[in-house]
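Bear in mind these aren't lab numbers, they're just calculated from the coordinates by the rules spelled out. Please read all numbers here as calculations on a predicted model, not as lab measurements. For neighbour counting, all protein chains shown are included, and Cβ atoms are generated from backbone atoms with ideal geometry for every residue, glycine included.
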Amino acid sequence: MPRRSRAKIYLLIVLLLFLVVVGSVSYLGWRQSVPRVSATATPVRLLGQRTDLTFRVEAARGNVARAEVRVVQGGRTVVAGKQEGPFGPRAQIVVTIESGALGLREGGAVIELWSRDDFWRPLRFDDRAVLTLPVTIDLTPPRLELLGATQYVSPGGAGLVAFRAEGAAHAEARAGTLAFPSFPLGPPERGARVALIALPWDLQPGTPLGIAARDEAGNVATRGLPVEVRPRRFPHETIEVRDAFLQAKVPELLPQHPPSRPLIEGFLVINREQRRQAEEAKRRIGSTTAEAPLWEGAFLQPRNTKVFANFAETRTYFYQGREIDTQVHFGYDLASTRQSAVPAANKGAVVFAGPLTIYGNTVIVDHGLGLQTLYAHLSHIDVKVGDQVDRGQELGRTGTTGLAIGDHLHYEVLVHGVSVTPLEWWDAKWIRDHIGKPLRAAGLPEIR
Ligand SMILES: [Zn+2]
């Protein structure tokens, strides 16, 4: 081989080697330069006895491989939670920090999230903290002090509890799974709160009644109420559904009902589905309430009315001799002359005025602290949402709108959307003994 050709081949080999080395170095350099995982956390300032933390971890390349949450306090590091992947390029890590079990003390601490991806890099570094969050650990639950409570309550009835909840961000009364918000009452330096509670008509015996408070760190304090639940019986009725009623009511309440289908099917949709919707609406409207009592004294029962249906009456519906449905009636049906005036039962503010499924044209008046009255089947409404009304002021006229047989007023009392018997609130003595007494015991001004 001539010398010149040999020199050319050497040059080519050297060039190739050079290219391979440069290519490999830049490839490895690129792999090394790919950013490692990044993370964000839902904001947290305080850690309580038990705090859930949510982190979102993202890998620039590859998958999130593992994540570890550590708490550093006074030079000591504890692992609060560890999760091994691979998770995918994005991972949501939820860790519950049990401060007591981890031996953490009250005061400052730093939460660290350690995480890495599974992307190969020529130089492997150890895991590192990708996120640090300074926090304050607060392990002291709010201090609950009972100041007064209604002594005797009954299913389908109401009661009041007055208490202090020092250090609480939120405090409520509870009847089983139902929660009743509390409101500050009286001089601020006393720190007293009151909550009206309602026991559902079908309250199961042994349902716990209590108060609960939660602070900003999520620490919870609860306390049972020394309240005696006295049983109460409710009536049963049967209702015969007639064709003339179906012909009048199904098109009014369910205009989309196909004419080819029997009317009784439409009735069952109204009686079940629209009734359920009305119950949900009552709960929703019940959360719009004044934080102070607006009512004064006993609630007004419209004069010269005849009661023809009671609170929590269980109604069995028959059609052509066949039992078709069972529902519970949550108010008093009061009949007088047609289109008679409907007075507001007490002082308050109108929070609902308009059609409400089976209730027809309806007005709901808020009396504060979650106490509301409902007026249904009206032929005419004279008030609008936001109006302040006085006790006895005309809200509208009775009628037959909604699922009503004959002109009457359907009247309900609600506590945070839960129906209770109006009998208690029509009775000045009941109010004195069951609402006034716990307020007096708490040293609070009585609601007149
Ligand atoms: Zn009714």
Checked against (1) more than 26 Å from I447 (Cβ to Cβ); (2) among the small types (G, A, S); (3) more than 10 Å from the ligand (Cβ to nearest atom), A312 satisfies every condition except (1)
Selection over segment 192-236 where residues are more than 26 Å from L139 (Cβ to Cβ) and either touching a Cys at 6+ places or on another chain (Cβ under 8 Å) or of a type in the set (S, T, Y) (or both) yields a count of 1
Just name the residue that is farthest from N271 (Cα to Cα) out of those in segment 305-321 that are within 29 Å of the chain's Cα centre (by Cα) and not in a strand (DSSP E or B). F311
What's the total number of residues in segment 315-325 that are on the phi < 0 side of the Ramachandran plot, more than 16 Å from the ligand (Cβ to nearest atom) and of a type outside the set (S, T, Y)? 4
For segment 408-448, how many residues meet the condition of being in a loop (DSSP other than H, G, I, E, B) and crowded, with 18+ Cβ neighbours inside 10 Å? 6
Looking only at segment 359-373, which residues are surrounded by fewer than 24 Cβ atoms within 10 Å (Cβ to Cβ) and on the phi < 0 side of the Ramachandran plot? N361, D366
Taking V328, is it surrounded by fewer than 19 Cβ atoms within 10 Å (Cβ to Cβ), at negative phi and either more than 15 Å from the ligand (Cβ to nearest atom) or within 33 Å of the chain's Cα centre (by Cα) (or both)? yes
Looking for something more than 30 Å from A198 (Cβ to Cβ) and either in contact with a Ser or Thr (Cβ under 8 Å, 6 or more places away or on another chain) or surrounded by 15 or more Cβ atoms within 10 Å (Cβ to Cβ) (or both) - is there at least one such residue anywhere in segment 266-282? yes
Check on A376, in contact with a Ser or Thr (Cβ under 6 Å, 6 or more places away or on another chain), crowded, with 18+ Cβ neighbours inside 10 Å and in a loop (DSSP other than H, G, I, E, B): no
Spans of strands (runs of 3 or more DSSP E) in segment 75-157 with at least 3 residues over 31 Å from the mean Cα position of the chain (by Cα) and surrounded by 13 or more Cβ atoms within 10 Å (Cβ to Cβ): 76-84, 107-117, 128-137
Just checking, how many residues over segment 308-323 are among the aliphatic types (A, V, I, L, M) and surrounded by fewer than 15 Cβ atoms within 10 Å (Cβ to Cβ)? 0
Which count do you get for residues in segment 331-356 that are more than 13 Å from the ligand (Cβ to nearest atom) and in contact with a helix residue (DSSP H, G or I) (Cβ under 9 Å, 6 or more places away or on another chain)? 4
Please name all residue pairs, on different chains or six or more residues apart, with Cβ atoms under 6 Å, provided the first residue is in segment 208-229 and is farther than 20 Å from L46 by Cβ and the second residue is in a strand (DSSP E or B) and among the aromatic types (F, W, Y). I211/F163; E228/Y152
